[in-house]
1. Could you check the spin-label model distance between residue 107 and residue 28? Points 7 Å from the Cα along Cα→Cβ, value in nm.
2. When a/c reaches 1.5 or more, the comparison of a/b and b/c decides; with that in mind, is segment 1-111 rounded, prolate or oblate per its Cα gyration tensor?
3. Can you say what percent of the DSSP beta bridges in segment 93-149, counting only those with both residues inside, are antiparallel? Round to 5.
4. Stretched out fully, how many nm does the piece from residue 325 to residue 269 gain, at 0.36 nm a residue minus the Cα gap?
5. What ratio of Cα Rg to 2.2 N^0.38 Å holds for segment 104-199?
6. Could you give the distance between the Cα centres of segment 42-113 and segment 141-165, to the whole Å?
7. Can you tell me the 0 to 90 degree angle between the C-alpha axis of helix 292-301 and the longest principal axis of the chain, rounded to 10?
8. Roughly what angle does helix 158-172 make with the longest principal axis of the chain, taking Cα atoms, 0 to 90 degrees, to the nearest 10?
Ligand code: SF4
């Protein structure tokens, strides 16, 4: 499996289409959107063919060999497009550039996460290590491990402060192997943080028309090549935004929502597919005990469920949403037999 980070979820429509082509040509045909607003390709040969790696680099989504694992930056998907208190697109680029430019930050843990919230409160409740929430276009708070503690900063100081704290964490974790700032409470306590009252908003971008933009969900977060080609046709030459809720925002494309719906994108929060998600499951994951696609499809076809539901092939619950939801986890064989001997959920 190959995972590619896309800071702020922003990627050109052409690159997205190219990655879907590569998933078809080299993998199992699934280009999966991730909860960190990136993409994954599965079922690839090991070792990876040189031609595959060259094609990914040519698509422009692998700008660095050394720092790829640490470019984990989630930003408000609609920032600069609709709503919010500040346009954080420049800060997202600057943070990514600063991360890659600092050699020692290549040693940050791969799970270390930055979030940039433009003041609408949509990503500030994700579990993160370092973050920023804008109070307005001139500044806000840099956050450390929690939306409720941080440092007041002006906009021009946001990226330098985040990089300084990341470097300090990298040094502080050296003897402990800590993966997250929450594992180093003494270090966090030494930073002179002040209490913050964050803005908290919806935990997901609504679907449908948002201003002039189209917001769509991708069933099971799996983008087939045909849909990727339509995205490129709808947003020719332009960026699209992958959301942490594994959907897409297509700038200035609200007038194409009917076409997107006809191609299988979910454009309405009230439809069943907007409430159902699943890990990749069998046969694509060796740990999976069930075909999660089959169960999720059956749930969606039944017109429900009313509650947000995530189907997992094992207890790892990959891709589960962070907000309130119901977990359906495949039982172990012992559990299934103990529950009546059916041997199948
Ligand atoms: S939840 Fe388990 S079965 Fe599903 S993708 Fe993750 S590891 Fe595989």
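Only the coordinates and a few stated rules stand behind these numbers; no lab work does. None of these values were measured; they are calculated from a predicted model. Methodologically, a virtual Cβ is constructed for each residue, glycine included, from the backbone with ideal geometry; neighbour enumeration extends over all protein chains shown.
1. In this crude spin-label approximation the distance works out to 3.6 nm.
2. Oblate, because a/c is 1.5 or more while a/b does not exceed b/c.
3. 60 percent
4. 18.7 nm
5. 1.01
6. With segment 42-113 and segment 141-165 each reduced to a Cα centre, they are spaced 20 Å.
7. Taking Cα atoms only, the helix is inclined about 80 degrees.
8. That works out to roughly 80 degrees.
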